[in-house]
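To keep things clear, I will list the structure first and then write my remarks on it.
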Amino acid sequence: MSRHWAAAVATIAFLALMSVCCRQRVPAGDGARRITRADLENKIRGGWAGQMIGVSFGAPTEFDSQGRIIEGPLPPWRPERVSNAIEQDDLYVEMTFAEVMDRKGLDATSADFGEAFRTSRYNLWHANAAARRLLQSGVTPPDSGRPQYNPHANDIDFQIESDFIGLMTPGLPRAARDFCERVGSVMSSGDGFYGGIFVSSMYSAAFFETDAVRIVEAGLAALPAQSGYAAIIRDVLAWHKASPGDWRATWKQILDKWDNADACPDGALRPFNIDARLNGAYVALGVLYGSGDFGRTIEIATRAGQDSDCNPSSAAGILGVMIGYDRIPDHWKRGIPAISGRKFAFTSYSFNDIVVSSVRRAEGVIERGGGRIEGDEIVIPRQSPAPPRLEQWDMGIADRIVSADDPEWKWRGRWAVFASPRDRSMKPGRITRTAGASATLTFTGTGLTILGEFSQRGGSASMTLDGRPARQMQTWTPPRTIDTGLWHIYGLTPGQHVLTIETTGAGKAGTTDQEVSILAAIVFR
């Protein structure tokens, strides 16, 4: 019996040792972090709730304030206002990509995300609109997000669609980067892409961080240090350190230094700015000066102006992760239970559904990253950020707009005068539905964007720059895809250039439409 007892004791000791070894073999390195399943779900729920509240609060002021702070009373918050989130592109577009992962798995490719985006049916603008138009014309990721094809590549679009990635990568910034590279390449590159890295990395950090400065620093650490996006966030952090109690002073410094180079055609020589860097700085402004206060975070990100619903949506989402759903003040979240079962527009998800989906994906990402799930406890390895490669592009500074009736243009063939149905501030342009009509523009600059009207009747034109063939211009677009940048080029040698446009008489493959309309050109220096 004593031998049997000794053997039993030895077996128990061996099993105990194996248990310890197994617990230590997770490739997490020193400092692996632990979170309960309940806390993980609570933080993910808080992130989605924060987005919903932030976008609904800021929606009435979206782009009403450009280049100035929103002063005076903001629309008062009522619990039922959160229902506005159900119809917001800030939420349903990112859910398109979340649904791809739920169908295809965590190995879903850029081609998978591009295909889902190509067949989407909601209204799109800016980088998203250009990407869907390019995708339906046969241009695939990553070209659909590259500036050679997409003049909006530095716009805010991926930045406002990357929240879901941060919510499924708790404490795992490298995993967030990898998912961003596959999703963000559909519509963005360069600083437009880095906006998604910045936001998703702040979400990742917020699962384990309670200091607003360190959360923003974590987002910065995930960016290429030489990028323009990293430069603006370094500035915001430094200005916050110098004036920790005066967010308006920091806002003014952001405006003076950074609000001058929006490449988006809609922002040229106008106060409108949808650049990812500037609006990302306003997200950081809200997070930093909000100092963990939910209402103050939303208010500052909204009052900063420009995209004043997207920015508080991301800021409040990050804070919602940091404090968790349970600690969001009831004043702000009281309206969510009443709509928690309603599907978001164009999706198969309700609020409850997307939380469950995000938790499931997060657990899968954690296990792939070397973590493990032990009953009600989740072990997450400590993961340092690894920035993506540096990629920058620059249209230059918008110098002037050359309207269709300016003498720099020479029109030949059958062109008629027409007015833009979208922008009544534009001077009348020229439109043709015939082959062989031409327009020649002589300009001095380093970049050019041709403005006009895309439509389902759009045709094409051959392009010649300084006597050499250039990329063709296509003016066809799918429905609900709103844009004005027909054609662009950048990086030209400073000096005078001559662009010739000649209509081909051909439309999109399989159609006989051939309409080409031109409003003006933006010349960059």
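The values are calculated or read from the model by the stated rules, or taken from the named source; none is laboratory data. Please read all numbers here as calculations on a predicted model, not as lab measurements. In this analysis, Cβ positions are derived from the backbone assuming ideal geometry, glycine residues included, and neighbour counts consider all displayed protein chains.
Residues in the stretch 312-332 that are within 16 Å of PHE207 (Cβ to Cβ), of a type outside the set (Lys, Arg) and surrounded by fewer than 24 Cβ atoms within 10 Å (Cβ to Cβ): ILE323, GLY324, TYR325, ASP326, ILE328. Of all residues in the stretch 353-388, those that are acidic (Asp, Glu), under 23 Å from the mean Cα position of the chain (by Cα) and not in a helix (DSSP H, G or I) total 0. When VAL417 is tested against (1) in contact (Cβ under 8 Å) with a residue 40 or more places away in the chain; (2) more than 15 Å from THR503 (Cα to Cα); (3) not basic (Lys, Arg), just one condition goes unmet, and that condition is (1). Selection within the stretch 265-287: residues that are of a type in the set (A, V, I, L, M, F, W, C) and either in a loop (DSSP other than H, G, I, E, B) or in contact with a His (Cβ under 6 Å, 6 or more places away or on another chain) (or both). The member of this set that is surrounded by the most Cβ atoms within 10 Å (Cβ to Cβ) is ILE274. Would you call ASP262 surrounded by 24 or more Cβ atoms within 10 Å (Cβ to Cβ), within 20 Å of the chain's Cα centre (by Cα) and not hydroxyl-bearing (Ser, Thr, Tyr)? So ASP262 fits the description; yes. Listed by position, the helices (runs of 4 or more DSSP H) enclosed by the stretch 100-174 that each have at least 3 residues that are hydrophobic (A, V, I, L, M, F, W, C) and over 30 Å from MET322 (Cα atoms) are 110-118, 126-136. Is the stretch 313-320 home to any residue that is modelled with pLDDT of 95 or more, polar (S, T, N, Q) and within 21 Å of ASN154 (Cβ to Cβ)? Yes. So which residues in the stretch 442-459 are at pLDDT below 95 and part of a strand (DSSP E or B), if there are any at all? Passing the criteria: SER455, GLY458, GLY459. For the residues ASP235, ASP211, ASP256, ASP262, the requirement of being under 30 Å from ILE35 (Cα atoms) and not hydrophobic (A, V, I, L, M, F, W, C) singles out ASP211. Only a single item in (1) under 32 Å from the mean Cα position of the chain (by Cα); (2) surrounded by 16 or more Cβ atoms within 10 Å (Cβ to Cβ) is not met by GLY491, and it is number (2). If you check ASP157 against the conditions, is it more than 22 Å from THR119 (Cβ to Cβ), buried (at least 23 other Cβ atoms within 10 Å of the Cβ) and either charged (D, E, K, R) or under 13 Å from the mean Cα position of the chain (by Cα) (or both)? So ASP157 does not fit the description; no.
Looking across the stretch 504-525 at every residue that is modelled with pLDDT under 95 and not in a loop (DSSP other than H, G, I, E, B), the one that is nearest to LEU441 (Cα to Cα) is identified as THR504. Tallying residues that are part of a helix (DSSP H, G or I) and at pLDDT 95 or above within the stretch 18-60 yields 24. Give the residues of the stretch 333-352 that are buried (at least 19 other Cβ atoms within 10 Å of the Cβ) and either without any contact (Cβ under 8 Å) to a residue 12 or more places away in the chain or in a loop (DSSP other than H, G, I, E, B) (or both), sorted by residue number. If the condition is that a residue be buried (at least 19 other Cβ atoms within 10 Å of the Cβ) and either without any contact (Cβ under 8 Å) to a residue 12 or more places away in the chain or in a loop (DSSP other than H, G, I, E, B) (or both), then GLY335, PHE344, THR347, TYR349 are the ones that fit. When ASP307, ASP326, ASP293 are checked against the criterion of being more than 22 Å from ASP211 (Cα to Cα) and not aromatic (Phe, Trp, Tyr), a single residue qualifies: ASP307.
Applying the criterion of being among the acidic types (Asp, Glu), within 22 Å of the chain's Cα centre (by Cα) and outside any helix (DSSP H, G or I) to the residues of the stretch 61-95, the residue that is surrounded by the fewest Cβ atoms within 10 Å (Cβ to Cβ) is ASP64. Within the option set ALA153, ALA98, ALA111, ALA127, being touching a His at 6+ places or on another chain (Cβ under 9 Å) and either among the hydroxyl-bearing types (Ser, Thr, Tyr) or assigned by TED's automatic domain parsing to the domain that holds GLU367 (or both) holds for one residue only, ALA127. Given the criteria out of contact with any Leu (no Cβ under 8 Å at 6 or more places or on another chain), outside any strand (DSSP E or B), farther than 23 Å from ALA261 by Cβ and not hydroxyl-bearing (Ser, Thr, Tyr), does ALA435 qualify? Taking the combined requirement at face value, the residue satisfies it.
Pairs are defined by a Cβ separation below 9 Å, a sequence spacing of at least 6 or placement on different chains, a first member in the stretch 125-143 that is at positive phi, and a second member that is of a type outside the set (D, E, K, R); the pairs so defined are HIS126/HIS152; HIS126/ILE156; HIS126/MET187; HIS126/CYS264; HIS126/ILE274; HIS126/ILE482; GLY138/ALA509. Would it be correct to say that ASP309 is free of Cβ contacts under 8 Å to residues at least 12 places away in the same chain and in the same structural domain as ALA49 (by TED's automatic domain parsing)? Considered against the rule, which asks whether it is free of Cβ contacts under 8 Å to residues at least 12 places away in the same chain and in the same structural domain as ALA49 (by TED's automatic domain parsing), ASP309 comes out as no.
Out of ALA175, ALA212, which single residue is crowded, with 24+ Cβ neighbours inside 10 Å and more than 20 Å from ALA261 (Cβ to Cβ)?
Being crowded, with 24+ Cβ neighbours inside 10 Å and more than 20 Å from ALA261 (Cβ to Cβ) holds for just one of ALA175, ALA212, which is ALA212.
Each residue in the stretch 378-426 was checked for being in contact with a strand residue (DSSP E or B) (Cβ under 6 Å, 6 or more places away or on another chain) and either of a type in the set (Val, Ile, Thr) or surrounded by fewer than 13 Cβ atoms within 10 Å (Cβ to Cβ) (or both), and 8 of them qualify.
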